[in-house]
1. Using the Cα atoms of region B:2-42 to build a convex hull, what is its mean projected area in square nanometres?
2. Before anything else, pin down the relative contact order of region C:456-525: Cα pairs under 8 Å, at least 6 apart, normalised by residue count, whole percent.
3. At a probe radius of 1.4 Å, figure out the C/B buried accessible area, summed over both chains, and give it in Å² to the nearest 100.
4. So if I place +1 on the C-beta of Lys and Arg and -1 on the C-beta of Asp and Glu, and nothing else carries charge, what would the dipole magnitude of region B:118-286 be about its Cα centre? I want it in debye, nearest 20.
5. If r is the Cβ-Cβ distance from B:GLU173 to B:GLU226 and R0 is 30 Å, what FRET efficiency results, to the nearest 0.05?
6. What residue among B:VAL23, B:VAL379, B:VAL183 has the largest mean-square fluctuation in a Gaussian network model of chain B, using Cα springs under 10 Å?
7. Sorted from largest down, give the three principal axis spans of the alpha carbons of region A:2-219, whole angstrom values.
8. Label points 7 Å out from Cα along the Cβ direction at A:ASP78 and A:SER60: separation in nm?
Amino acid sequence: MQTIKLKLKSEVTSGVAKIPVEVDSLTPDKLFGKTEAEIKAVQVWWGNKEENTGDLFDVSVDGTAGSADDVKIVLDGDLSRVKRIGDGMKAGEIEANGDVDMHCGAMMAGGKITVRGNADCWAGREMHGGDLVIDGDAAANLCAMYRGEMTGMTGGKVTVGGNADECVGQYMGGGEIVIKGNARMLAGLNMHGGKIVIEGDAVMPGADMTSGEITVKGTVQDMMPSFKLEGTESIDGAEYKKYSGDLAMTARKAKGTLYVK
Amino acid sequence: MVEVTDVVCSLCGCVCDDITVEVEDNKVTKVKRGACSVGKSKLMGHNRIKSPAIRVNGELKDCSYDEAIKKAAEILAASRRPLLYGWSSTVCEADKVGVELAEELGAVIDNTASVCHGPSVLAIQDVGLPSCTLGEVKNRADVIIYWGANPAEAHANHMKRYSYVSKGFWTEEGKKAKKLVVVDVRATKTTKMADVFLQIEQGKDYLVLSALRAILYGHADVVPDEVGGVSKKDLLETAEMMKGAKFGATFFGMGVTHTGARQNNIVNAIQMTRAAHTHTKFTITPMRGHYNVAGINQVCTWETGFPFAVDLTRGYAWYNPGELSATDLLIRQECDAALVIASDPGAHFPGESIKHLAKVPVIQIDPFPNPTTEFADVVFPAAVSGVEAEGNVYRMDNIPIRLRKLIDSEYPEDEEILKRILDEVRAIKEKESN
Amino acid sequence: MAEVLIKNGVVYDPLNGVKGEKKDICIRDGKVVAEVKNPKVIDAEGRVVMPGGVDIHSHIAGGKVNSGRLFRPEDGRKGLEAKTKVCRMQSGYSVPNTFAIGYRYAKMGYTFVMEAAMPPLAARHTHEEMVDTPILDNAALPLLDNNWMTMEYVNGGDIDLLAAYVAWIMKATKGFGVKIVNPGGTEMWGWGKNCSLNDTVPTFNVTPAEIIKGLGEANEKLEMPHSIHVHTNMLGHPGNFEITKETYDLVKGVNTVKDRQVMHTTHTQFHSYGGTNWGDFESKADEIAGYINQNDHATIDIGSVILGDTTTMTADGPMEYNLYQITGRKWTNHDVELETGSGITPFLYSGKSPVNTIQWAIGVELALLVEDPWKIALTTDHPNAGPFIGYPILISMLMSKKRRDESSADMHKVIYDKALLPSIDREYSLYEIAIITRGMTAKALGLHEHGKGHLGVGADGDVAIYDMSPEETDAGKIQKAFLNTKYTIKGGQIVVKDGEVVATPDGKTYFVTPECDDKLTDEMMVKLKDKFDRYYSVTLNNYPVQDAYVPNPYEIKTQMRG
């Protein structure tokens, strides 16, 4: 097991402008096999200039790893302007201690990311494998598609301890999302596979869904007027209304399932 | 005195091109025909920025163009995250230089679409846009829907020239043989003209649109008795009117792009058009605001691949509205310098983003002083496109039209100012790399 | 200006009958000359040398191309390349940005591309993008067939007045030739309908067949460099091959003084379909090729499929609507008042699909079954059947039966049943490749008289040097060589070296200005003025493309025959 500690230096975020650092080059699979000196020399984008990781982060390496699976990266400091944490990561583990900026876990294929705070927009965008755990809230477009794409998340599991903003799992094709709190409008928009569980409340869930399953355990505000009530079902001892939809996509395509209390 | 015909208006997205003006002593003295009152005032000209200026100790001090260009280039070349914003009220020739400057700097380039029809662009990227030119509507449309738009006040010539009131080849009887549906949260001058006015609850457009789609696809049975403040009876009547159209045209405005589900309202409106298209011909068109906001989207798209909110940090384009739109960037306090051209974030942006803009160096290029001037650090007066300078613009239906030059200007054109800044930035970078 | 001498190359210059001869090419002031005195010497060392490629049909600039880019950021993100000291940024795969279009074509050795469809009302847009496309010389074909003026003149049998209108449109749009796309069908799409070759278009009381014939006659009266360029009715419909053949017959009797076809039909793959529905769909490439073999008045380009995701776009609005109905994907439509329309929708050509498999076979079959390569051009109808960047794949398939057999084995098994490809043995020579990518295309466009598509004295100094020996038979190596040249030379300037763009000069825009009798023009203008006064949404005076949009003009003048 190897632990790579990266602590963002305070001067990076102390200016008038809070210019984001983009760390897609700092994933366990990309850092595996590198010495401390080599890690310090890995280039990261800070605004329109590329900088040495060692110039922006305090770096320390502890232990050794036999594969990327054994590499754990621990991010500390003010991470609210650190974008693309674990972007495209395939293996290993990242622990981010604090609120993280956009695209955390985007395109993630494997491994685990734990965010001990809130995650900004597009966490888990187009994710296809691995685990993403966000202790706090997730901002909009969690596990959504990239602009123009017809597929968002296709695999893996995402757990949000707090609330999620708009468009959770937009164009989701597979995998699982659990929101412990509430989800704002249009969770599961255009969903065509996979499963979303919202333990709190939701607004207009399931719009334009063509397949997949959404369960809302709290209350639904603004139920879509284009879903068909199919009957009731009991899940974990509670009674749910089962709807099919979205008929606004035509009957041929309306193969989504929405469970509402 | 000279009379100039076929003058093109550089105010709103209608880009009316049949205006007649009188010019005397290098001044537009009279707007005789064709322009609405707002367009008229633009053509007649008003208060101008008089001289290039640089802010020193809190005060703008007049300077030469050379000095201002040097200062602007220094600010931009030193910036780690510059924002180049505006571009919708100037011509495509200037927009092209803007993209090149952004590329040279590794800047974020964004235009006013991000605060007006950006959501429409996002919707188009989701489902496309079945649309047509405005002349098609004029010649064919017998059912017209304005959704969240108030053309009678915001695009004064729109109905007269292109839609409800106009007369064309198959629509010689004008409005007598047409139906007008208006959807809005409140009564306006436009709703008063409507055959059907659907007054919906604020923020409920999305639900109403989904209900109409379900009805158009034959699933009225699942639709509840009332949706978003509209009765099922009215929805059924509207759907029947749409199905009975020979040619239906929907226009939508900011009332629906910026409330409730925002871009997803537009996705839904386009989906409704697709549903209507299974019965008859139907089209949908955004009511674009600035005269060349369509144009900067076009230029930015063919040059970078993407229409707005483009980050050129890495030398290629990363596109992501919501992350890179000017307002997002400013609220997040990301940028450390800005160039603002032909627009006024000082008046139109949310307070939080203006607060950050006021803290960083700002370069402004504009013919007219506006609230942005009050905190700009370098100011360039420019010629007025469409009055003092010619150039290409795109109408709201993406028809390219060339603005005419009516009088000479004592000020340089936007394109020239930008080219000089770009040259100076390159000179600074050249020096740094040696 | 500097002189260039290309030594030791093996030259394929079909318009001059040069079939793989070791031959020096001399260039001075951008033109091929007999000899040079103090040249920069490029040693081609036995490599293949051809004139710069001439693409007869590609959608590279204008409203619908840009709508394709705008609504497909997911395509834009596929081809991202950072700017360099020489090159601007690049994006896109099936809908690349203008810079990428110039660079990628130049890297394949192409120096001229014809934008295949320009809506007259939006002509400025097409020109703005062409000007922003580096390196390539270009031209555009204005759409004239669903135009109300055209239909009214055809209805009245006024071919002279029609010619006067065509002449006016060429000048007003700075256009190059007459484009016809689903004649009548796009007008009917204004009401959500479509029509076939002999249906009557309501209100205008003409048939598509009459429109095609009328425009064909008007085109020859104006002695245009190019023939009419036709996208026939019923594109993409099973069983459409008979309509395609019937369309060829329409202009069989039309005379021309030019040494070329009187009709070029484009992306013929989409028009060579048998069967009655997608279930019994089959290739009729043999029927189409048979017709072309027996007749001399028509040429075709293949519009061959490149497997993978692409963006379809055409002025054939109803066709795009049908395609979107099949896929359910995003769909943009843009009808243009009094003139034309357009539709755009993404499409995935999959080797697992029986229909796509047959489509994939048909384009290549056409190229192999048409005996005379001077009657056929290599295209993918970029980006409709696939992006132009797939040309090297097609070249390698035409040159290698082995490559075709290997590829067929990966396709749906229907290929052995409903397509002809596996049974065809013919392999193209490099000379024939040079014909279908430059010689034939330049001649069919009439551009050989203006220095394109050949390397005779006086020709443009546009040369492609491919990094392969003339004896190469390995399909993979052929494909690689045609994707990235050793050198591309444009107007005597090296623009690509070792597969990298090293210079980006501006290209020229070619356009035709036909002159005709003033009285005829005056009479035509009365009708046209009425159209602007009553039905257009812009004024007549704001319609013509100003000179500012064509900063590097190449004007070709013609005179109407009495």
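1. Values: hull surface 10.1 nm².
It is 2.5 nm².
2. Values: 71 pairs, mean separation 16.5, N = 70.
Normalised by residue count, the contact order of region C:456-525 is 24 percent.
3. On the way: alone 19950 and 18330 Å², together 33000 Å².
Rounded to the nearest hundred, the buried surface is 5300 Å².
4. On the way: 21 positive and 16 negative charges, 119 e Å.
For region B:118-286, the charge dipole is close to 580 debye.
5. Details: r = 35 Å, r/R0 = 1.18.
So, using R0 = 30 Å, E works out to roughly 0.25.
6. B:VAL23
7. 51, 42, 29
8. It is 2.2 nm.
The values are calculated or read from the model by the stated rules, or taken from the named source; none is laboratory data. The model shown is predicted, which means the values in this text are computed figures rather than measured ones. Note: ideal-geometry Cβ built from the backbone for every residue, glycine included; neighbour counts use all protein chains shown. Please note that ligands, DNA and RNA were not included when accessible areas were found on the heavy atoms of the full protein model with its side chains. Shrake-Rupley method; radii C 1.70, N 1.55, O 1.52, S 1.80 Å.
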